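Here's the structure we're looking at; comments come further down.
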Amino acid sequence: MLHLRVISPPADTERVVELLTVEAGATNLVVLPGAARQPEGDVVMCDVVREAGSPVLARLRKMGLHERGSIAIENVDVALGRVARQASDAAPGLAADAVVWDEIEQKTGDETDLSGTYLLMLGIATIIAGIGVLLDQPILIVGAMVVGPEFGPLAALCVGIVRARTKLARRALTALGVGFPIAIAATTVNTWLLDLIGLVDKDMLLRDRPLTDFIWQPDAFSWIVGFFAGIAGMLSLTSSKAGPLIGVLISVTTVPAAANVAAALAYGVWHEAWGSTVQLFLNLAAIVVAGVLTLLVQRWWWRRRV
(Lines give C-alpha, C1' and ligand atoms only; values in the text may rest on other atoms or scores of the structure.)
Protein backbone atom coordinates (compact mmCIF):
# COMPACT_ATOMS: atom_id res chain seq x y z
CA MET A 1 0.00 0.00 0.00
CA LEU A 2 1.08 3.58 -0.70
CA HIS A 3 0.54 6.68 1.41
CA LEU A 4 -0.11 9.83 -0.61
CA ARG A 5 0.35 13.34 0.72
CA VAL A 6 -0.96 15.99 -1.61
CA ILE A 7 -0.64 19.75 -1.14
CA SER A 8 -3.43 21.21 -3.20
CA PRO A 9 -4.31 24.82 -4.04
CA PRO A 10 -7.68 25.51 -2.36
CA ALA A 11 -9.37 25.87 -5.76
CA ASP A 12 -8.40 22.28 -6.67
CA THR A 13 -9.02 20.57 -3.34
CA GLU A 14 -12.63 19.65 -4.01
CA ARG A 15 -11.69 17.88 -7.26
CA VAL A 16 -8.83 16.07 -5.51
CA VAL A 17 -11.10 14.88 -2.71
CA GLU A 18 -13.74 13.77 -5.21
CA LEU A 19 -11.14 11.82 -7.20
CA LEU A 20 -9.86 10.01 -4.12
CA THR A 21 -13.38 9.40 -2.76
CA VAL A 22 -14.63 7.60 -5.87
CA GLU A 23 -11.40 5.62 -6.32
CA ALA A 24 -12.09 2.11 -5.03
CA GLY A 25 -8.43 1.53 -4.18
CA ALA A 26 -8.13 4.64 -1.98
CA THR A 27 -8.98 4.76 1.71
CA ASN A 28 -8.15 6.55 4.99
CA LEU A 29 -8.80 9.94 3.40
CA VAL A 30 -7.81 12.97 5.50
CA VAL A 31 -8.26 16.64 4.54
CA LEU A 32 -6.51 19.46 6.41
CA PRO A 33 -7.71 22.81 5.00
CA GLY A 34 -5.05 25.51 4.92
CA ALA A 35 -2.47 23.36 6.75
CA ALA A 36 0.32 23.72 4.18
CA ARG A 37 2.68 26.69 4.22
CA GLN A 38 5.35 25.86 1.61
CA PRO A 39 3.75 25.66 -0.87
CA GLU A 40 0.58 27.15 0.57
CA GLY A 41 -2.61 25.14 0.27
CA ASP A 42 -4.66 22.33 1.71
CA VAL A 43 -3.17 19.00 2.74
CA VAL A 44 -4.93 15.89 1.47
CA MET A 45 -3.69 12.50 2.63
CA CYS A 46 -4.86 8.98 1.88
CA ASP A 47 -3.70 5.39 1.50
CA VAL A 48 -3.86 3.82 -1.96
CA VAL A 49 -3.29 0.16 -2.79
CA ARG A 50 -0.41 -0.38 -5.22
CA GLU A 51 -2.78 -1.68 -7.90
CA ALA A 52 -4.43 1.76 -8.06
CA GLY A 53 -1.25 3.78 -7.54
CA SER A 54 -0.36 4.60 -11.13
CA PRO A 55 -3.91 5.53 -12.27
CA VAL A 56 -4.42 7.81 -9.25
CA LEU A 57 -1.07 9.52 -9.68
CA ALA A 58 -1.69 9.95 -13.41
CA ARG A 59 -4.98 11.74 -12.70
CA LEU A 60 -3.37 13.97 -10.07
CA ARG A 61 -0.57 14.87 -12.47
CA LYS A 62 -3.13 15.56 -15.20
CA MET A 63 -4.69 18.11 -12.86
CA GLY A 64 -1.28 19.79 -12.62
CA LEU A 65 -0.91 19.30 -8.87
CA HIS A 66 2.76 18.37 -9.22
CA GLU A 67 3.29 21.86 -10.72
CA ARG A 68 0.98 24.02 -8.59
CA GLY A 69 1.27 22.04 -5.38
CA SER A 70 3.08 18.88 -4.31
CA ILE A 71 2.66 15.11 -4.42
CA ALA A 72 4.61 12.82 -2.09
CA ILE A 73 4.52 9.01 -2.01
CA GLU A 74 5.54 6.70 0.83
CA ASN A 75 5.36 2.93 1.11
CA VAL A 76 3.19 1.56 3.89
CA ASP A 77 4.64 -1.68 5.21
CA VAL A 78 1.65 -2.68 7.32
CA ALA A 79 -1.97 -1.55 6.96
CA LEU A 80 -4.46 -3.06 9.42
CA GLY A 81 -8.21 -2.71 9.34
CA ARG A 82 -11.31 -3.60 7.40
CA VAL A 83 -11.20 -0.56 5.10
CA ALA A 84 -7.67 -1.44 3.94
CA ARG A 85 -8.78 -4.95 3.04
CA GLN A 86 -11.81 -3.62 1.24
CA ALA A 87 -9.70 -1.24 -0.83
CA SER A 88 -7.36 -4.05 -1.78
CA ASP A 89 -10.25 -6.31 -2.77
CA ALA A 90 -11.96 -3.57 -4.78
CA ALA A 91 -8.92 -2.60 -6.85
CA PRO A 92 -8.32 -4.70 -9.98
CA GLY A 93 -5.21 -6.87 -10.23
CA LEU A 94 -2.66 -7.88 -7.62
CA ALA A 95 -0.25 -5.66 -5.71
CA ALA A 96 2.73 -7.87 -6.61
CA ASP A 97 2.07 -7.31 -10.33
CA ALA A 98 1.43 -3.56 -10.11
CA VAL A 99 3.99 -1.07 -11.42
CA VAL A 100 3.86 2.41 -9.92
CA TRP A 101 5.59 4.25 -12.75
CA ASP A 102 6.21 7.51 -10.89
CA GLU A 103 7.84 5.58 -8.06
CA ILE A 104 10.05 3.61 -10.46
CA GLU A 105 11.11 6.73 -12.38
CA GLN A 106 12.01 8.53 -9.15
CA LYS A 107 13.82 5.53 -7.69
CA THR A 108 15.88 4.78 -10.79
CA GLY A 109 16.47 8.46 -11.52
CA ASP A 110 18.22 8.82 -8.16
CA GLU A 111 20.58 6.00 -9.20
CA THR A 112 21.88 7.89 -12.25
CA ASP A 113 23.65 10.65 -10.37
CA LEU A 114 27.35 10.63 -11.24
CA SER A 115 28.26 11.19 -7.61
CA GLY A 116 31.50 10.60 -5.79
CA THR A 117 29.83 7.82 -3.82
CA TYR A 118 28.75 6.02 -7.00
CA LEU A 119 32.23 6.27 -8.53
CA LEU A 120 33.90 5.13 -5.31
CA MET A 121 31.57 2.16 -4.89
CA LEU A 122 32.06 1.06 -8.50
CA GLY A 123 35.82 1.60 -8.25
CA ILE A 124 36.10 -0.30 -4.97
CA ALA A 125 33.98 -3.17 -6.31
CA THR A 126 36.15 -3.42 -9.43
CA ILE A 127 39.38 -3.33 -7.40
CA ILE A 128 38.10 -6.12 -5.14
CA ALA A 129 37.13 -8.14 -8.20
CA GLY A 130 40.56 -7.46 -9.74
CA ILE A 131 42.24 -9.00 -6.72
CA GLY A 132 39.80 -11.91 -6.89
CA VAL A 133 40.70 -12.49 -10.54
CA LEU A 134 44.41 -12.66 -9.82
CA LEU A 135 43.91 -14.91 -6.79
CA ASP A 136 41.27 -17.02 -8.58
CA GLN A 137 38.99 -16.48 -5.60
CA PRO A 138 35.25 -16.62 -6.37
CA ILE A 139 34.40 -15.34 -2.88
CA LEU A 140 36.01 -12.02 -3.69
CA ILE A 141 34.26 -11.98 -7.06
CA VAL A 142 30.87 -12.51 -5.41
CA GLY A 143 31.62 -9.80 -2.85
CA ALA A 144 32.52 -7.37 -5.60
CA MET A 145 29.28 -8.15 -7.45
CA VAL A 146 27.24 -7.26 -4.38
CA VAL A 147 29.15 -4.02 -3.78
CA GLY A 148 28.86 -2.83 -7.37
CA PRO A 149 26.14 -0.16 -7.91
CA GLU A 150 25.83 -0.59 -11.69
CA PHE A 151 22.34 -2.12 -11.73
CA GLY A 152 20.81 1.23 -10.75
CA PRO A 153 21.84 3.03 -13.96
CA LEU A 154 20.98 -0.08 -16.00
CA ALA A 155 17.46 -0.11 -14.56
CA ALA A 156 17.15 3.63 -15.17
CA LEU A 157 18.17 3.12 -18.79
CA CYS A 158 15.42 0.52 -19.22
CA VAL A 159 12.82 2.82 -17.67
CA GLY A 160 14.02 5.73 -19.79
CA ILE A 161 13.65 3.68 -22.97
CA VAL A 162 10.19 2.32 -22.13
CA ARG A 163 8.84 5.63 -20.82
CA ALA A 164 10.55 7.70 -23.53
CA ARG A 165 12.41 9.73 -20.91
CA THR A 166 15.38 10.91 -22.94
CA LYS A 167 16.99 12.78 -20.08
CA LEU A 168 16.79 9.78 -17.77
CA ALA A 169 18.27 7.46 -20.39
CA ARG A 170 21.06 9.92 -21.17
CA ARG A 171 21.97 10.27 -17.49
CA ALA A 172 22.03 6.49 -17.10
CA LEU A 173 24.31 6.08 -20.13
CA THR A 174 26.60 8.78 -18.74
CA ALA A 175 26.80 7.03 -15.36
CA LEU A 176 27.74 3.76 -17.06
CA GLY A 177 29.98 5.30 -19.72
CA VAL A 178 31.97 7.33 -17.21
CA GLY A 179 31.83 4.98 -14.23
CA PHE A 180 33.22 1.83 -15.82
CA PRO A 181 36.25 3.47 -17.52
CA ILE A 182 37.16 5.21 -14.25
CA ALA A 183 36.78 1.94 -12.32
CA ILE A 184 38.90 0.09 -14.89
CA ALA A 185 41.58 2.78 -14.74
CA ALA A 186 41.63 2.69 -10.93
CA THR A 187 41.92 -1.11 -10.94
CA THR A 188 44.73 -1.00 -13.49
CA VAL A 189 46.69 1.43 -11.31
CA ASN A 190 45.98 -0.70 -8.23
CA THR A 191 47.28 -3.79 -10.05
CA TRP A 192 50.49 -1.94 -10.93
CA LEU A 193 50.94 -0.87 -7.30
CA LEU A 194 50.35 -4.39 -5.99
CA ASP A 195 52.84 -5.70 -8.53
CA LEU A 196 55.35 -3.05 -7.51
CA ILE A 197 55.31 -4.16 -3.88
CA GLY A 198 55.43 -7.82 -4.87
CA LEU A 199 51.95 -8.97 -3.89
CA VAL A 200 50.89 -9.98 -7.41
CA ASP A 201 52.60 -10.71 -10.71
CA LYS A 202 51.79 -11.47 -14.34
CA ASP A 203 52.06 -15.23 -13.83
CA MET A 204 49.01 -15.10 -11.57
CA LEU A 205 46.97 -13.84 -14.51
CA LEU A 206 48.43 -16.29 -17.03
CA ARG A 207 48.14 -19.44 -14.93
CA ASP A 208 45.12 -21.71 -15.07
CA ARG A 209 42.24 -20.10 -13.18
CA PRO A 210 39.48 -22.72 -13.27
CA LEU A 211 37.20 -20.83 -10.88
CA THR A 212 37.26 -17.44 -12.62
CA ASP A 213 38.38 -17.93 -16.23
CA PHE A 214 34.72 -17.78 -17.36
CA ILE A 215 34.97 -14.03 -16.82
CA TRP A 216 37.05 -13.48 -19.95
CA GLN A 217 35.63 -16.37 -22.00
CA PRO A 218 32.09 -15.28 -22.97
CA ASP A 219 29.71 -17.81 -24.48
CA ALA A 220 25.99 -18.29 -25.03
CA PHE A 221 25.44 -18.77 -21.31
CA SER A 222 26.78 -15.27 -20.69
CA TRP A 223 23.83 -13.84 -22.61
CA ILE A 224 21.31 -16.30 -21.17
CA VAL A 225 22.30 -15.63 -17.56
CA GLY A 226 22.42 -11.87 -18.12
CA PHE A 227 19.02 -11.93 -19.81
CA PHE A 228 17.22 -13.82 -17.05
CA ALA A 229 19.04 -11.80 -14.40
CA GLY A 230 17.75 -8.65 -16.07
CA ILE A 231 14.19 -9.96 -15.89
CA ALA A 232 14.55 -10.88 -12.23
CA GLY A 233 16.16 -7.55 -11.41
CA MET A 234 13.41 -5.54 -13.04
CA LEU A 235 10.68 -7.59 -11.37
CA SER A 236 12.44 -7.05 -8.04
CA LEU A 237 12.55 -3.32 -8.66
CA THR A 238 8.93 -2.90 -9.80
CA SER A 239 7.56 -5.03 -6.97
CA SER A 240 9.74 -3.31 -4.32
CA LYS A 241 11.23 -6.63 -3.23
CA ALA A 242 14.93 -6.24 -2.45
CA GLY A 243 15.69 -9.91 -1.79
CA PRO A 244 15.82 -11.15 -5.40
CA LEU A 245 17.92 -8.17 -6.42
CA ILE A 246 20.88 -9.45 -4.39
CA GLY A 247 20.79 -12.68 -6.36
CA VAL A 248 20.71 -10.69 -9.59
CA LEU A 249 23.82 -8.74 -8.62
CA ILE A 250 25.65 -11.99 -7.85
CA SER A 251 24.64 -13.69 -11.09
CA VAL A 252 26.01 -11.25 -13.69
CA THR A 253 29.68 -10.60 -14.41
CA THR A 254 29.70 -6.89 -15.18
CA VAL A 255 32.07 -5.75 -12.42
CA PRO A 256 34.27 -8.90 -12.61
CA ALA A 257 34.56 -8.47 -16.38
CA ALA A 258 35.63 -4.84 -15.93
CA ALA A 259 38.17 -6.00 -13.32
CA ASN A 260 39.60 -8.62 -15.68
CA VAL A 261 39.90 -5.96 -18.38
CA ALA A 262 41.94 -3.85 -15.97
CA ALA A 263 44.21 -6.71 -14.87
CA ALA A 264 44.79 -7.77 -18.47
CA LEU A 265 45.56 -4.20 -19.53
CA ALA A 266 47.98 -3.82 -16.63
CA TYR A 267 50.01 -6.80 -17.87
CA GLY A 268 49.42 -6.39 -21.60
CA VAL A 269 47.48 -9.64 -22.00
CA TRP A 270 45.41 -8.40 -24.90
CA HIS A 271 43.35 -11.50 -25.65
CA GLU A 272 42.04 -11.55 -22.07
CA ALA A 273 41.36 -7.83 -22.20
CA TRP A 274 39.32 -8.30 -25.37
CA GLY A 275 37.43 -11.33 -24.05
CA SER A 276 36.59 -9.51 -20.83
CA THR A 277 35.39 -6.47 -22.77
CA VAL A 278 33.08 -8.65 -24.84
CA GLN A 279 31.81 -10.29 -21.64
CA LEU A 280 31.13 -6.88 -20.09
CA PHE A 281 29.16 -5.53 -23.04
CA LEU A 282 27.35 -8.83 -23.52
CA ASN A 283 26.08 -8.76 -19.96
CA LEU A 284 25.16 -5.08 -20.09
CA ALA A 285 23.24 -5.56 -23.33
CA ALA A 286 21.45 -8.67 -22.05
CA ILE A 287 20.31 -6.90 -18.88
CA VAL A 288 19.02 -3.87 -20.79
CA VAL A 289 17.18 -5.94 -23.40
CA ALA A 290 15.61 -8.10 -20.69
CA GLY A 291 14.70 -5.09 -18.56
CA VAL A 292 13.03 -3.26 -21.44
CA LEU A 293 11.07 -6.34 -22.50
CA THR A 294 9.99 -6.98 -18.90
CA LEU A 295 8.67 -3.44 -18.48
CA LEU A 296 6.85 -3.60 -21.81
CA VAL A 297 5.21 -6.90 -20.90
CA GLN A 298 4.25 -5.58 -17.45
CA ARG A 299 2.70 -2.47 -18.97
CA TRP A 300 0.78 -4.52 -21.54
CA TRP A 301 -0.37 -7.07 -18.97
CA TRP A 302 -1.53 -4.46 -16.50
CA ARG A 303 -3.48 -2.49 -19.09
CA ARG A 304 -5.10 -5.75 -20.17
CA ARG A 305 -6.09 -6.59 -16.58
CA VAL A 306 -7.52 -3.21 -15.70
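The values are calculated or read from the model by the stated rules, or taken from the named source; none is laboratory data. Quick caveat: nothing in here was measured; it's all calculated off a predicted structure. In this analysis, Cβ positions are derived from the backbone assuming ideal geometry, glycine residues included, and neighbour counts consider all displayed protein chains. Keep in mind that these areas ignore ligands, DNA and RNA; they rest on the heavy atoms of the full protein, side chains included. Shrake-Rupley method; radii C 1.70, N 1.55, O 1.52, S 1.80 Å.
Per atom type, the chain shows carbon and sulfur on 63% of its accessible surface, probed at 1.4 Å.
Toward the positive end of the charge dipole of the chain, with +1 on the Cβ of Lys and Arg and -1 on the Cβ of Asp and Glu, the farthest Cα among 64, 288, 189 is that of 64. Histogrammed with a bin width of 5 Å, the alpha carbon distances of segment 83-214 distribute as 2, 10, 15, 15, 13, 11, 10, 8, 6, 4, 3, 1, 1, 0 percent, first bin at zero. Peptides 133-144, 170-181 ordered by packing proxy, namely the average of other Cβ atoms within 10 Å per residue, highest first: 133-144, 170-181. Taken over the chain, lysine pairs spaced eight or more positions apart, or on distinct chains, with alpha carbons under 25 Å apart number 4.
For segment 181-242, the set of trypsin sites (Lys or Arg not before Pro) satisfying both a DSSP loop assignment and a count of at most 16 other C-beta atoms within 10 Å is given as 207, 241. Would any residue of segment 125-168 have its amide N under 19 Å from a label point 7 Å out along Cα→Cβ of residue 208? List them or say none. Taking a point 7 Å out along Cα→Cβ of residue 208, the residues of segment 125-168 whose backbone N falls under 19 Å are 133-138.
To the nearest 500 deg cm²/dmol, what mean residue ellipticity at 222 nm is calculated for the chain from DSSP H runs of n ≥ 4 alone, each contributing -39,500 (n - 2.57), summed and divided by the residues?
Details: 14 runs with 205 residues, N = 306.
Rounded to the nearest 500, the figure is -22000 deg cm²/dmol.
Largest first and in whole Å, what are the equivalent-ellipsoid semi-axes of segment 15-149 based on the Cα gyration tensor, each being the root of 5 times an eigenvalue? They are 42, 20, 12 Å, listed from largest to smallest.
Determine, from the Cβ-Cβ distance of residue 196 and residue 293 and an R0 of 41 Å, the FRET efficiency 1/(1 + (r/R0)^6), rounded to the nearest 0.05.
On the way: r = 47 Å, r/R0 = 1.13.
That pair, residue 196 with residue 293, gives E of 0.30.
Structural descriptor for segment 1-140: relative contact order 27 percent, calculated from alpha carbon pairs under 8 angstrom and at least 6 residues apart.
Take the chain with all the other protein chains still there, run a 1.4 Å probe, and you get 48 Å² of accessible area per residue.
What helices in the chain pass both tests, a Cα length along the helix axis of 18 Å or more and a mean Kyte hydropathy of 0.5 or higher, using whole DSSP H runs? Show your work: numbers first, answer last.
Working: long enough: 10-22 (19 Å, 0.31); 50-62 (19 Å, -0.64); 116-135 (28 Å, 2.12); 166-196 (45 Å, 0.87); 220-238 (28 Å, 1.69); 254-267 (20 Å, 1.26); 270-305 (52 Å, 0.43).
What comes out of the filter, once short or polar helices are dropped, is 116-135, 166-196, 220-238, 254-267.
Let me make sure I get this right: for segment 1-84, a, b and c are the square roots of the gyration tensor eigenvalues over alpha carbons, sorted descending. Under 1.5 in a/c it's rounded, otherwise prolate if a/b > b/c, else oblate. Which is it? Before the final figure, lay out each step's value.
Details: a/c = 1.78, a/b = 1.56, b/c = 1.14.
It comes out prolate by the Cα gyration axes.
The stretch between residue 77 and residue 30, if pulled fully straight at 0.36 nm per residue, gains 15.0 nm over its current Cα-Cα span. As a calculated quantity, the FRET efficiency between residue 45 and residue 105 at R0 = 22 Å, using C-beta atoms, amounts to about 0.50.
Each peptide in 183-191, 29-37 was scored by the mean count of other Cβ atoms within 10 Å over its residues; highest first, the order is 183-191, 29-37.
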